[in-house]
Amino acid sequence: MKYLTIDTTTKVTAVSLAEDGCLIAEGFLHTAKTHSERLIPMLDQLLTAASWTLQELEMIGVVRGPGSFTGIRIGIATAQGLAQVLRLPLLAVLSLDALAWAGLGRVEDIVPILDARKNEWYTARYRWAKGHEKPECLTLPQAIPTDLWLEQLRGLDRPICFVGDATEKSKARIEEVLGERAMILPEYVSLPRGAYTARAIWQRWQEKGVGELVEPFYIRFSEAEVNWAKKEEVRRRTEHE
């Protein structure tokens, strides 16, 4: 089965072409351009390089969050549009689940951390148990203050491997709290990659075998939604006075 995956949940645009779980081609761009500028040209280049056509695709996979609210919407809208026009099943995985594949074969707990701003991370905790075909999720995805999460991880008393777009700028703080138990993978491994999404989507397909309704997974409200809720609360109080 030939399929395409799209991940625009961070500043990285990550696209892949895969067949039966095996990576055929992947695109990775971490530039100042927006996802809307990069996504379709990257897809065209990958298809050309792999000598594939859109009509050969049999499935579309997309990462639905958490991450950048705008990036999530761009990725899902593009994937939904392609799936609808090509009449293909659409499947989705979480960004943290996909990043957990960066730790395949490692004995440490895998902890993806994505920049959620406001001194918070989007994060979860995984472990590759022996004989398992996918990472086991030990702590569910959440948005949590960075220091609070590090304190919780310090109490686990086991090695922890960090991946994700927040690892590089948080390296000093992570090592300060966890010391030698912290393993921080280099950027070329820890940033979102099409290869990780390709594996995660294929695992999802093996479990479901059919397409699914895909909705964004934001974890928390956007700033605009928070501000709107505050205004609504003020309006209601004013009406009752």
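Things worth noting here:
- Lys, Arg +1 and Asp, Glu -1 on Cβ, resulting dipole of the chain about Cα centre, debye, nearest 20: 200
- Beta bridges assigned by DSSP with both partners in region 111-168 are antiparallel in approximately 85 percent of cases.
- Rounded FRET efficiency, nearest 0.05, which uses the C-beta distance separating SER51 from VAL210 and R0 of 30 Å: 0.60
- Projected label points at GLU168 and ARG154, each 7 Å from Cα along the beta carbon direction, are separated by 2.7 nanometres.
- DSSP-defined beta bridges in region 79-185 - what % are antiparallel, rounded to 5: 60
- Pairs beyond 19 Å (Cα-Cα), from LYS33/LYS118; LYS2/LYS130; LYS134/LYS171; LYS118/LYS169: LYS33/LYS118; LYS2/LYS130; LYS134/LYS171
- Under 19 Å from LYS11, Cα to Cα: aspartates and glutamates that are on another chain or at least 8 residues apart: GLU26, GLU37, ASP97, ASP115, GLU120, ASP165, GLU168, GLU187, GLU223
- FRET E, pair GLU180, LYS118, Förster distance 25 Å, beta-carbon r, rounded to 0.05: 0.25
- Using 0.36 nm per residue and subtracting the Cα-Cα separation, the extra length available between THR34 and LYS130 on full extension is 30.6 nm.
- For the chain, the share of DSSP beta bridges that are antiparallel, to the nearest 5, is 60%.
- For the chain, calculated [θ]222 nm from helices alone, where every DSSP H run of n ≥ 4 adds -39500 (n - 2.57): -12500 deg cm²/dmol
- Burial ordering of HIS132, HIS30, HIS35, fewest other beta-carbon atoms within 10 Å first: HIS132, HIS30, HIS35
- Each Lys and Arg Cβ is given +1 and each Asp and Glu Cβ -1; about its Cα centre, region 96-190 then shows a dipole of about 120 debye.
- Using C-alpha pairs below 8 Å separated by at least 6 residues, the relative contact order for the chain is 23 percent.
- For region 161-209, the relative contact order works out to 44 percent when only alpha carbon pairs closer than 8 Å and six or more residues apart are counted.
- Relative contact order (%) - region 96-190, alpha-carbon pairs under 8 angstrom, separation at least six: 28
Every read-out reported here was derived from the displayed coordinates using simple, explicitly stated rules and does not represent laboratory data. Note that the structure is a prediction, hence the values are computed from the model and not measured. Glycine gets a Cβ as well: all are built from the backbone with ideal geometry, and neighbour counts include every protein chain shown.
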